[in-house]
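The values are calculated or read from the model by the stated rules, or taken from the named source; none is laboratory data. Since this is a predicted model, take the numbers as computed values, not measurements. So basically every Cβ, Gly included, is an ideal-geometry build from the backbone, and we count neighbours across all protein chains shown.
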Amino acid sequence: MERKSLQGELKTLELISPDNRIVYLSNPSKTKTHEKTFLTAGLMLAVPAGFSQKDEKNGTIYTKHPYIEIVNKSIQAYMAKNESTHNAIFADTAKFWLNGMAKSMGKADIFKMWASDFDYYSDIKLKTVGNPDYLAYKDKDQKVVQSWWTWSGVSKKTGALVNID
């Protein structure tokens with residue numbers, strides 16, 4: 001059985017299904033308006049809920065810290081090719097990671113790599129970029145110094161200046 005009725009501007013099609021349920025089909029443009037209204041109301045309620053979460057600290061960032069000074073001493077030792085200072089500064093368990101490396105390196109391997117720079121390049125310079133930071137993470141008690149440098153040197157083979165940011 002099918003009945004058609006007009007309710008104001010809303011056109012409604014009333015159908016009775018084989019199991020005797022009444023199904024109403026409304027004008028789609030009006031239904032879309034109602035959907036938009038409900039979506040807008042839902043967003044207005046959800047957005048404040050997203051911002052009402054508590055801030056949680058995962059540690060502290062320092063711009064001045066003794067570990068930053070250790071990194072600066074390491075740079076001086078690198079430039080002076082002083083491996084004994086490097087060995088004294090860093091624990092045997094120290095790990096080093098540079099941009100582009102798939103995994104970190106231990107101290108013996110990184111010192112060999114750093115020393116080889118002077119075999120292939122002359123006039124090596126390091127320029128600080130930004131401020132180094134010491135990050136003391138609460139999670140797993142991790143301690144990290146992040147420092148950024150521009151490395152440059154002249155290739156002994158080609159004479160070309162190489163810059164690594």
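Table: residues versus (1) loosely packed, with under 10 Cβ neighbours inside 10 Å; (2) over 20 Å from Val145 (Cβ atoms); (3) of a type outside the set (A, V, I, L, M, F, W, C).
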| residue | (1), (2), (3) |
| --- | --- |
| Asn82 | no, no, yes |
| His86 | no, no, yes |
| Phe90 | no, no, no |
| Lys95 | no, no, yes |
| Asn99 | yes, no, yes |
| Lys103 | yes, no, yes |
| Phe111 | no, no, no |
| Trp114 | no, no, no |
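Where the second residue is at pLDDT 90 or above and among the acidic types (Asp, Glu) and the first is assigned by TED's automatic domain parsing to the domain that holds Val71 and lies in segment 124-142, which pairs have Cβ atoms under 7 Å and are six or more apart or on separate chains?
Qualifying pairs under 7 Å: Ile124/Asp117.
What are the residue pairs meeting all of these: first residue in segment 81-110, first residue under 22 Å from Ser122 (Cα atoms), second residue among the basic types (Lys, Arg) and not in a loop (DSSP other than H, G, I, E, B), Cβ atoms under 8 Å, and 6 or more apart or on different chains?
What qualifies is Thr85/Lys73; His86/Lys107.
Would you confirm, using the coordinates I've provided, whether Trp149 is within 21 Å of the chain's Cα centre (by Cα), among the aromatic types (Phe, Trp, Tyr) and surrounded by 11 or more Cβ atoms within 10 Å (Cβ to Cβ)?
Yes, satisfied.
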